[in-house]
Structure formats: structure tokens, C-alpha cells
Amino acid sequence: MSQTAQSPSTSDDTDERVKDLGWRRALIRPELGGIVGTIAVFLFFGLTAYDSGMFNAQGILNWSTVSAQFMIIAVGACLLMIAGEFDLSVGSMIGFAGMLIAIFSVTLGWPVWMAILVTFVLAVLIGALNGFIVIRTGLPSFIVTLAFLFILRGFTIYLPQTIERKTIIGGIREAAEGDWLGAVFGGKILKGMFQWMGEAGLITTFERGTRAGQPVVDGIPMLIVWAIVLVIFGHVLLTKTRFGNWIFAAGGDAEAARNSGVPVNRVKIYMFMFTAFCATVFAACQVMEFGSAGADRGLLKEFEAIIAVVIGGALLTGGYGSVLGAALGALIFGVVQQGLFFAGVESSLFRVFLGIILLGAVILNTYIRRMITGER
Amino acid sequence: MNTRTTHAPIIEMKNIEKHFGSVIALAGVSVEVYPGECHCLLGDNGAGKSTFIKTMSGVHKPTHGEIVFEGKPMHFDDPRDAIAAGIATVHQHLAMIPLMSVSRNFFMGNEPVKKRFGISFFDHEYADSVTMEEMRKMGINLRGPDQAVGTLSGGERQTVAIARAVHFGAKVLILDEPTSALGVRQTANVLATIDKVRKQGIAVVFITHNVRHALAVGDRFTVLNRGKTLGAAQRGQITPEELQDMMAGGQELVALEGSLGGTV
Ligand SMILES: Nc1ncnc2c1ncn2[C@@H]1O[C@H](COP(=O)(O)OP(=O)(O)O)[C@@H](O)[C@H]1O
Ligand SMILES: [Mg+2]
């Protein structure tokens, strides 16, 4: 506030322009495409699927969970894309990390917390290796991470087959019973509140069976908590820190950034590591939820992450984008996927919807971006 | 006879050579740059001007030769070292990032931080107010600090880059062809900015292949050709025609050399 007081002489003639820009600035932002898409999608399903249960507690939990999954990997993909790189090995990393947790905890009998921690360390190291190879060779990350897509998926199939003679390893839920770190990925929070809401008749409760009287939705899964935490972390990191400025600079023009003293290589490698971290969070949550790890987990997730990021307004070639936009992209993705199911639409049409949304969002985003950045 | 030569150079480049594999981009170039003076580096495309200033700004390490900065031999491992020492460079094509805001560009690599809950955050308030203030000083009225650099004209971009270097306390400001892609008016603005900067006591290294631009602001002139110094002069000791001849003469010589198979 002291800043505005410093220049009272100029405040008068700039006031008009500031006001004029007020609504423009509020509207013309990288997330606009995501915001418009989100409103459109909720309007659409609000009209077509309002009585299908999509908007009661179970329904909301259903599409929130799916959206949260997309969000977790979209945050990593978003920051990496803004830093000017891709990671096509995200899906394979999800499968690989899940399999490592299963092998460490079930086959080797390690405590689950140790299995998870060691898996995180290994995954992040592989992320660093991805980044290191990209930086050292100067090859496009597209190619390098495509190689890791195959390498990691290959190991994810090979390891359980060799060790256990099968491609799914179960028994993780039993192993994770009472494990503190297992609960951080597989647990639920606010159970008391949901119990209370059930008793107050605000949400449905089971009427029969062993869980009679308990709410059907008995808490918020940690998966959703992770998604929210990662989105906030990514958004703050990108927009409110010095490192965030380096992410933009590294992707905007690596050479110009280097010339200004930005440690571009370090920024890019960190972002590869963060992407691997996000993939491992996804894997840990999934393994805890299913109680098993499968060799085909995470298939095509890299593309879903990239689609969410692009719907969210990021530029494929780097240097521009928004984590909040990517989160909205993930929300759109999840709501459409589950909403079509609620609306009773043939599920194969999901891809048609997705394609239309992707195209519409990208056209709108390109238009907005040109207005902001003066690109031609 | 010239009072300018009485004070010490801020940076001396002695016999700088730079080889890229078998390509000899610089074959022994010496230049002295004085505070408060504009030193023009002239020469045709491929003469080695950019390579020369890149060794000065820590982008390249010279293959041979010595750099003396403020009287002491200096070895820059990377651009950060040179920036820290006070050598700022506005590179030929890569001055600014168009997708980013003016304020983010202005503080790129030098982001101001403030502590909140023990964590360092980018101090946007400070960055924005400084950016607006510095741009006003240079005569550029921004719509706002978050205006993207891509919306600025070429001359305005150069001016932002120069203002940034000056703000961060540059003692030596290197400008690689700042006027080559500009129209007449924008060129005049940039030349006026160079003059302002020089009068603040900063040493300016101004690369151009336009003799008129050089003569407008230059105190000293060094003409490069094929990685070698073709000639050097001071303001007042050379006429525009002579400088023009020096550049053109070099080219004629090159043409002759080529056609006579190196017998001259
Ligand atoms: N990184 C590099 N690798 C190989 N050759 C280079 C490199 N940089 C410059 N050169 C060569 O050095 C010579 C001088 O280039 P440069 O310094 O850019 O000239 P100028 O800026 O005067 O037009 C050119 O022949 C160019 O091809
Ligand atoms: Mg050049």
C-alpha cells in the first residue's frame, strides 16, 4: 500500500487505465480456457445428469477421486512442460513404482513405510536420470522419456513374472495394516465429520449389513488431499517463488535464461524429479486403494496428464502455463469421464467428448495467449 | 593529448583467441574498455564480434589470451561470475523472453525475495514497482508490470534489457547489435539510451556493423575482420569516411586474398 502512496502525482492519470484493465486482467488469464471449460462441463452434466446421483455424496466422491488422480500427475507434467520438457514415462513410472512397493513390502516383507520411502527415492533418481540424459545429450525429452516408457514398463512386467510367476502382486492392504505411511496414501480424513453428517441425515448411510448406520461416504481419501496439496504447492512454487521464475525462463528461452544466470539445467532436472515424484504419489495411493500392484497400471497416463495440462492453458513448447489451469483441466477430464457414465451415455463416446473439449480449449487458449503475450 | 587515456581501463582483453574445433573464430584480438566510454566493435557478419564479447561475458572461455578486469586477471567460469563482477550483456537475439512479463524478465536470474514463515517468496510488489519506475526513467510507459515483453517493440525490448543491466549495477555493459533489427526512430531511442548509460560512468561495448550508429555514440572504435583486429581508432582521430574505408577496405582485401589464392 505504501507503493501507491509514493507516486500520488501519477495515480490520477493511470487510474482510468488500471480500472479498464481490472476486468480485462481478471478475465484474460491463462486459466480462462480451463474456467470456461469447467463451467460448461458442470452446466452440461447439471442439466443432463442432475438426478443420476452424480451430485450426491457418493457421486461427488466418485468424480472427485478420478479428477484427483489426473490432478496429481498433471501438476508434475505442467511444471515440466512450462520448463520446456516432456515426460512420456509417467504412466510406466506409475506401474513401476507400484510394483516396487508391492515387491518390497509383500515379496521381501519390508515394512510398508520403508517400501514406500525406498520406492520414492528410486523413482526420483530415475526422474533425475531422465533429466540428466536430456541435458547431457541435448536430445528432445520426447525421445529420451519414450525410451524410459518402454524400459520401465518392461521391468514392471519382468520383475513380478520372474519373482512371483504372475503379473499382479496382492496382499498389500494386509501388509499396510496399521502402517503410518501406508495411511498417508491409503487412508481417509475427516471421518468424524462424515459420521456426524450421516447421523444428521445430511448424507446417506448404510441401511443394512455390518456397516448399518455408517455413512456410505465415510471420509475424504488421502488421494484427494494429495491432489489439493500438490496443486497448491505447484501453484505457489510457480507463481510466488524465485524458482518459479526460473521454470518460466528455462522453458521460455533456455539460452536467454542461461545468459541471465538462471541455472537452467538444474531447474529442468528438478522438474523431471518432481514429475517422477508425482507419478509415485499416484502409484502409492493406487496400490493402497487396490491392495495390489499390476503390470498394466498407469497405461497411457502420460497422455492424460499432458491433455489436462494443455486444456489448462499451458503452451506445448514451454514457457507459459498455469498449475491452476492444469488442475481445472484434470477436473474437466474426470468429470467428463465419470459424468458420461452417470448420464448413461455410451462410454465409447468419452473419447469423442474429450477430443472436442481438447480442441475447443486449445483454440480458446491460443487466442487468449496471443492477447497476453503479443505472439503472432 | 586525449584526457580519456589517462585513467585506467576497467577491462583489458589481451590477445584473445577462441577456437571451435578446427574453426578459429578469434585469432588474437586485444581491446581495452574505459569507464564512461562507449567502445564500438565493428565488423561484417562472421567477423567474430559475438564470439569476442561472449568470452568477455563468461559464456566462452578463451582458448588463449588474458582478461584483466579492474587491474586483476579474471577467469569467468560461467555468465554468473561475469554478472557478479559487474559485466552485463544484452545478447544479439536473446535479450528477453517474450512470453514472460516485463517485471519477470527484468528480475530474471536476480529475483528479489522476501521471507514469509521462513520461506523465501518472490517479492512481486518490489519487482513490479522497480520495473515501472525504471521503465518510466527510460521513457517507456508500460500498461502494467505484468505486460508481456512480446507486446513491446524491438527498441523497447533493448531498452528494457539495458535498464535491467544498469539497475543491477553493471560496470561494463555489452550490447550485441542492439540496433540491427530496428527502425530509424527506435534506433535513435536506443542510441540515446546508450549515451545516458555512458554518462553514468558505465563502460559500454557497442557492437554494430553500421558506421553511422557507431559514430553517433562511440568514443573508441575497433574493427574486426575474420577474427583479427583490422584497425582501432579514437573519436576525433578518424573521420566517418576513414572508418567506412577501414571496414570496406577489409572486405576488399578479403576479396583480393580469395581471388589471388592467398599470394598477397
Ligand atoms: N559455438 C560455435 N561453434 C562453432 N563455430 C562458431 C560458434 N560460434 C561462432 N562460431 C563461428 O565463429 C565465427 C564468428 O562468429 P560470430 O562471433 O557470431 O560473428 P559476428 O557476431 O561477428 O557476426 C563464425 O564463422 C561462426 O560460424
Ligand atoms: Mg553476432
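The values are calculated or read from the model by the stated rules, or taken from the named source; none is laboratory data. These figures come from a predicted structure and were not determined experimentally. Note: ideal-geometry Cβ built from the backbone for every residue, glycine included; neighbour counts use all protein chains shown. Just the protein is used for accessible areas: all its heavy atoms, side chains included, with ligands, DNA and RNA removed. Shrake-Rupley method; radii C 1.70, N 1.55, O 1.52, S 1.80 Å.
For this structure, a couple of remarks:
- Folded to 0 to 90 degrees: helix B:154-167 orientation relative to chain B principal axis, Cα: 80 degrees
- Between the stretch A:40-74 and the stretch A:287-360, the C-alpha centres lie 13 angstrom from each other.
- q = 0.08, 0.11 Å⁻¹: log10 I(q)/I(0) that the Debye formula gives for the protein assembly as shown, counting C-alpha atoms only: -0.72, -1.10
- Among A:Gly360, A:Gly312, A:Gly182, the residue with the largest mean-square fluctuation in a Gaussian network model of chain A, with springs joining Cα atoms closer than 10 Å, is A:Gly360.
- Here the stretch A:33-365 is treated as a sphere whose radius is the Kirkwood value from Cα pairs; by Stokes-Einstein at 20 °C and 1.002 mPa s it diffuses with a coefficient of 104 µm²/s.
- For chain B, average projected area of the Cα convex hull in nm²: 16.5 nm²
- Peptide A:363-371 has a mean shielding of 1, counted as Cβ atoms of other protein chains within 10 Å of each residue's Cβ.
- Environment charge of A:Ala128, counting only residues whose C-beta is closer than 11 Å and scoring Lys/Arg +1, Asp/Glu -1: +2
- Residue among A:Ile311, A:Ile82, A:Ile157 with the largest mean-square fluctuation in a Gaussian network model of chain A, springs linking Cα atoms under 10 Å: A:Ile157
- Over all projection directions, the Cα-based convex hull of the stretch A:230-376 averages an area of 10.8 nm².
- Kyte-Doolittle at least -1.0, axis length at least 27 Å by Cα - qualifying DSSP helices, chain A: A:57-82, A:112-137, A:141-164, A:264-290, A:323-342, A:349-373
- Of A:Trp180, A:Trp63, the residue with the largest accessible area leads and the full order is A:Trp180, A:Trp63 (1.4 Å probe).
- When shorter helices are ignored and each DSSP H run of at least 4 residues is given -39500 (n - 2.57), the per-residue value for chain B at 222 nm works out to -10500 deg cm²/dmol.
- Max mean-square fluctuation residue, GNM over chain B, Cα-Cα springs under 10 Å, options B:Ser30, B:Ser57, B:Ser22: B:Ser22
- Computed across the stretch A:237-301, the Kirkwood radius stands at 13.8 Å (inverse of mean 1/r, all Cα pairs).
- Kirkwood estimate for the stretch B:1-133, i.e. one over the average of 1/r between Cα atoms, Å: 17.4 Å
- The spacing between the stretch B:128-184 and the stretch A:255-283, judged by their C-alpha centroids, is 28 Å.
- In Å², nearest 10: area of B:His64 left accessible to a 1.4 Å probe: 100 Å²
- Taking amide H positions as modeled 1.01 Å from N, with prolines and chain starts lacking one, the residues under 5 Å from B:Thr89 and 5 or more places away or on another chain are B:Ile174.
- Over all directions, the projected convex hull of the C-alpha atoms in the stretch B:39-98 averages 5.2 nm² in area.
- Shielding by partners - mean other protein chain Cβ count within 10 Å, residues of A:250-256: 6
- Set B:Lys54/B:Lys199; B:Lys72/B:Lys137; A:Lys268/B:Lys114; A:Lys268/A:Lys301; A:Lys166/A:Lys301; B:Lys18/B:Lys196 screened for pairs whose C-alpha atoms are more than 27 Å apart: B:Lys72/B:Lys137; B:Lys18/B:Lys196
- Along its first, second and third principal axes, ordered by size, the stretch A:298-370 spans 39, 27, 17 Å in Cα coordinates.
- Under the convention that each Lys and Arg Cβ holds +1 and each Asp and Glu Cβ holds -1, the size of the dipole of the stretch A:229-376 around its Cα centre is about 480 debye.
- Rounded tilt (10° steps) of B:184-199 against the dominant C-alpha axis of chain B: 90 degrees
- Beta bridges assigned by DSSP with both partners in chain B are antiparallel in approximately 60 percent of cases.
- Partner chain coverage, peptide A:231-240 - average Cβ within 10 angstrom: 1
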